[in-house]
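The values are calculated or read from the model by the stated rules, or taken from the named source; none is laboratory data. Just so we're clear, the structure is a prediction, and the values are computed from it rather than from any experiment. Because the Cβ atoms are built from the backbone with ideal geometry, glycine has one as well, and the counts that use them run over all protein chains shown.
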Amino acid sequence: MKKLVSNTILIIAILLLIFVSAHKKQMRLNHITSVLSPAEAAVLHIWSMKEADFRLEPGSVDAVQSVNIRGQILILIQYDGFQIGSGARRCEMVAVVKKDIFHRWMVNDGAGLCHHIVELSDSVPITVVGSSSNLALLDGGYSAVHGYVWDPEIAKIALTWNDGLEQEAVIQGSTYLAARDGHFMLQQIETWNDQGQLVFIARPGTIPQPANHSRRAGNK
């Protein structure tokens, strides 16, 4: 009987030790995530992504720019890696960061594109990635367009949405981002050089075309 009681006490002690250890580990994790900024949460999300055919270069992850849409922080992340069968790749992703029920910044959505780091051989000066909220009917949603700028001469990127609103994207380094409240579709995107000349124009579902340089920004 004494042996049974001793064994029972030992089992309870072990279970308590496991519980306390797990609790402390969770507390440390909660502390780490609770002090993260939205940008840090987005970077941590990239670090934690697992893809069998892609090896991330951790030091390349950079939160380039962000915009706040109704409490949702859209953060444009750029990072490099190596993809089996494709070689070195550069990626741009817009991570949507929101506070969870514990008031911690967490990534709950995102969209991105990876491409070769070397310049494209065709006439396309930018990549175009569109994203929008999956909960547009509940929270009003957001609409965003981002990408990589191949052509160093591009000084302005202008978007036209399907409701007629014209918006200029923010160019930061080799990336650009435009975002707005509501659920809309991109109708047209244009790029301009620093001389105010239209370089490139594209519409969804059509083949992008180099533009006539005679047209100038502000004279649409």
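Here are the numbers:
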item	result
Count of the range 53-103 residues which are over 14 Å from the mean Cα position of the chain (by Cα) and among the hydroxyl-bearing types (Ser, Thr, Tyr)	2
Strands (runs of 3 or more DSSP E) contained entirely in the range 103-207, each with at least 1 residues that are of a type in the set (D, E, K, R) and either modelled with pLDDT of 90 or more or under 30 Å from Ile84 (Cα atoms) (or both)	105-116, 154-161, 166-168, 175-181, 186-193
Candidates Ile101, Ile77, filtered to the one that is among the β-branched types (Val, Ile, Thr), surrounded by 17 or more Cβ atoms within 10 Å (Cβ to Cβ) and free of Cβ contacts under 8 Å to residues at least 60 places away in the same chain	Ile77
